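Enquirer: Here it is, the structure, as structure tokens.
The values are calculated or read from the model by the stated rules, or taken from the named source; none is laboratory data. All of these numbers come straight from a predicted model, not from anything done at the bench. Cβ atoms come from the backbone with ideal geometry, glycine included; neighbour counts cover every protein chain shown.
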Amino acid sequence: MKRLLMSLALLTVCGAGVANDHTENRQFIHDQLQLDRQRFRALQTPEFLQQQRSVGAEDQAFLDAQASQLRQTMQPGERPVDAALVFVSFSMPPEELKQRVKDAAQLNIPVVIRGMVNGDMRATANAVAGLVKESNSGGVQIDPTTFRKYNITAVPVLIVACGNQGDKVDRLQGDLTLHQALKRVAEEGDCADTARNLLGEGAE
């Protein structure tokens, strides 16, 4: 009888130990999954957006205006052919992206992104507001169709179009500033006259 009681006691202790092991294992797996989700979100969200703070009440009207403008750019329908377009992404370094948007505004060239930040209009408007608030100029258009039209797979890219309905296209990609890229098109491109007009030099 004593042996039986001792055996039952040992089984109870072993059972408790196994239960504790299972609990610890479940907690470990849960913690790892949480870390994986955090890493995934960090990979999906550019550092520039991770550092942004929530907007204050005084910025709400500005943010709403950005969201409204973005919604308008997403409306379907025929659009005129632009003389030039700048293609960017929020994956670009923040300062470089800000400079691109600022330069494009000075040259009256539309800036295009493929889609919304994390699929969210509010996050996208917040990100755009962070780009244009200092200079209070410029903005972006959401237009995946134009990305496909010009087969844009990496950014930044400058497209200069001319001819009948923009059938001639000069394409420059890389670290050139917009002014440098337009200068190169003005000197060597098929759309040299268009580039010179954008630079304010007039066509020869």
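Enquirer: Restricting attention to region 181-204, which residues are over 18 Å from VAL101 (Cβ atoms), crowded, with 17+ Cβ neighbours inside 10 Å and of a type in the set (Gly, Ala, Ser)?
Expert: ALA186, GLY189, ALA192, ALA195, listed by residue number.
Enquirer: I've got another one for you. So, of the residues in region 149-160 that are part of a strand (DSSP E or B) and touching a helix residue (DSSP H, G or I) at 6+ places or on another chain (Cβ under 7 Å), which turns out to be surrounded by the most Cβ atoms within 10 Å (Cβ to Cβ)?
Expert: Ranking the candidates gives VAL160 first.
Enquirer: Quick one: count up the residues across region 125-180 that are acidic (Asp, Glu) and more than 18 Å from LEU97 (Cβ to Cβ).
Expert: Within region 125-180, residues that are acidic (Asp, Glu) and more than 18 Å from LEU97 (Cβ to Cβ) number 2.
Enquirer: Considering (1) at pLDDT below 80; (2) surrounded by 12 or more Cβ atoms within 10 Å (Cβ to Cβ); (3) of a type outside the set (A, V, I, L, M, F, W, C), say which one SER89 fails and leave the rest.
Expert: (1)
Enquirer: Within the set of pairs 6+ apart or on separate chains, which have a first residue in region 140-160 that is in contact (Cβ under 8 Å) with a residue 24 or more places away in the chain and of a type in the set (Phe, Trp, Tyr), a second that is part of a loop (DSSP other than H, G, I, E, B) and surrounded by 13 or more Cβ atoms within 10 Å (Cβ to Cβ), and C-beta atoms under 9 Å apart?
Expert: PHE147/ARG114; PHE147/GLY115
Enquirer: Return the residue satisfying two criteria in turn: it lies in region 129-139 and is in a loop (DSSP other than H, G, I, E, B) and in contact (Cβ under 8 Å) with a residue 12 or more places away in the chain, and of such residues it is surrounded by the fewest Cβ atoms within 10 Å (Cβ to Cβ). If you could, list the steps in order and put the result at the bottom.
Expert: Filtering region 129-139 down to residues in a loop (DSSP other than H, G, I, E, B) leaves 133-139.
Next, only the ones that are in contact (Cβ under 8 Å) with a residue 12 or more places away in the chain stay: 133-135, 137-139.
On the way: LYS133: 15, GLU134: 9, SER135: 13, SER137: 12, GLY138: 19, GLY139: 18.
Here the answer is GLU134.
Enquirer: Does region 164-180 hold any residues that are surrounded by 13 or more Cβ atoms within 10 Å (Cβ to Cβ), part of a loop (DSSP other than H, G, I, E, B) and free of Cβ contacts under 8 Å to residues at least 40 places away in the same chain, and which are they?
Expert: LEU176
Enquirer: Evaluate the following for ILE159: is it modelled with pLDDT under 95, under 18 Å from LEU85 (Cβ atoms) and not aromatic (Phe, Trp, Tyr)?
Expert: On the way: modelled with pLDDT under 95: no; under 18 Å from LEU85 (Cβ atoms): yes; not aromatic (Phe, Trp, Tyr): yes.
It is false that ILE159 is modelled with pLDDT under 95, under 18 Å from LEU85 (Cβ atoms) and not aromatic (Phe, Trp, Tyr).
Enquirer: Quick check: is even one residue across region 163-181 closer than 14 Å to PHE90 by Cα and modelled with pLDDT of 90 or more?
Expert: no
Enquirer: Ok, one more. Scanning for something in a loop (DSSP other than H, G, I, E, B), touching a Ser or Thr at 6+ places or on another chain (Cβ under 8 Å) and farther than 12 Å from VAL86 by Cα, does region 117-128 turn up at least one residue?
Expert: The first filter runs over region 117-128 and keeps only residues in a loop (DSSP other than H, G, I, E, B), leaving 120.
Then keep just the ones that are touching a Ser or Thr at 6+ places or on another chain (Cβ under 8 Å); that gives none.
Scanning region 117-128 turns up no residue that is in a loop (DSSP other than H, G, I, E, B), touching a Ser or Thr at 6+ places or on another chain (Cβ under 8 Å) and farther than 12 Å from VAL86 by Cα.
Enquirer: In this structure, is SER68 out of contact with any Asp or Glu (no Cβ under 6 Å at 6 or more places or on another chain), part of a loop (DSSP other than H, G, I, E, B), modelled with pLDDT under 90 and over 23 Å from GLU187 (Cβ atoms)? Reasoning before the result, please.
Expert: Details: out of contact with any Asp or Glu (no Cβ under 6 Å at 6 or more places or on another chain): yes; part of a loop (DSSP other than H, G, I, E, B): no; modelled with pLDDT under 90: yes; over 23 Å from GLU187 (Cβ atoms): yes.
Answer is no for this residue.
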